[in-house]
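Report on the structure given below.
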Amino acid sequence: NPNALLVGESGVGKETIVAHLAQELTKDKVPPPLFDKRLVAIHLSNLVAGASPEELHRRLQEIVREISLAGNIILFVPDIHNLLKTSGTAYLSAADALMPIIMNNLFPIIGAPDPREFKTSLEPRSDFVSAFEVIRIGEITDEEAEKVLVYQAMVLERTHRVLVTFG
C-alpha cells in the first residue's frame, strides 16, 4: 500500500521518522520505488484557516494539480484525523475533496494520528483506513535511546568540533 498511517502517542517520534525519510530521500538512500521522490508536508489547520468552503476546494484542487503534475511527491499530513472530524464545514469539505484522491492512490500519503484520534476519528471509517497501511509506532527502549544519543553526540562532535561525554 503506498499510503501509511503512523499511529503513536505524541512525542514518540512519528514526525522524526518522516523527517529522516525526507533526509534519506535527498541523499537517494531509499529503495527504488522511492527514488527521486520529494516529501511535502501539509497542515490542514493552515489550509482551512480563513477559507470559505469554495476557497478551500480551490486550494485543494490547486495542491492536487501541482502534486499530480510533479509526479514525484509524497504528501505528509500530520493532522490527517482532522479530515474526518464532524465539526466544521471546512473540514467536511476538505474530507470530501481529498477522499477520492486518497482512495485512488493518486500519490502516496503519510498521516500521523495519535492512538486516541485514530480510534475515534479514523477507525470507524473502515473505507478510509483500508486505503492505508497502519503502522504502530511505540516508544523506544532505554537502550535504543542511548544508541540514538550516542549517534547524535557523534554528529555534534564531528559537525561542531566539540567533545560530548557520557556524563
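The values are calculated or read from the model by the stated rules, or taken from the named source; none is laboratory data. Everything quoted here is computed from the prediction, not taken from an experiment. Glycine gets a Cβ as well: all are built from the backbone with ideal geometry, and neighbour counts include every protein chain shown. SASA here: full protein model, heavy atoms, side chains in, ligands and nucleic acids out. Shrake-Rupley method; radii C 1.70, N 1.55, O 1.52, S 1.80 Å.
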Scanning the stretch 131-155 for residues that are of a type in the set (Val, Ile, Thr) and more than 30 Å from Leu98 (Cα to Cα) gives Ile140, Thr141, Val148, Val150, Val155
When every residue in the stretch 1-51 that is of a type in the set (Lys, Arg) and in contact with a strand residue (DSSP E or B) (Cβ under 9 Å, 6 or more places away or on another chain) is compared, the one least open to solvent (accessible area, probe 1.4 Å) is Lys14
_Would you confirm, using the coordinates I've provided, whether Ala131 is assigned to a loop (DSSP other than H, G, I, E, B), within 22 Å of Pro2 (Cβ to Cβ) and among the aliphatic types (A, V, I, L, M)?_
yes
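Given the structure, is Arg136 modelled with pLDDT of 95 or more and loosely packed, with under 14 Cβ neighbours inside 10 Å? Even if it seems obvious, please write down each step before you answer.
Numbers: modelled with pLDDT of 95 or more: yes; loosely packed, with under 14 Cβ neighbours inside 10 Å: yes.
When the stated conditions are applied, Arg136 passes them.
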Discussion item. Can you find a residue that is surrounded by 14 or more Cβ atoms within 10 Å (Cβ to Cβ), more than 24 Å from Ala22 (Cβ to Cβ), modelled with pLDDT under 90 and not polar (S, T, N, Q) anywhere in the stretch 104-115?
Written reply: no
Result of the Cβ filter at 8 Å on the stretch 3-24, keeping first residues that are polar (S, T, N, Q) and partners that are in a loop (DSSP other than H, G, I, E, B), at least 6 apart or interchain, is Asn3/Asn105; Asn3/Pro108; Asn3/Ala131; Asn3/Phe132; Ser10/Asp114
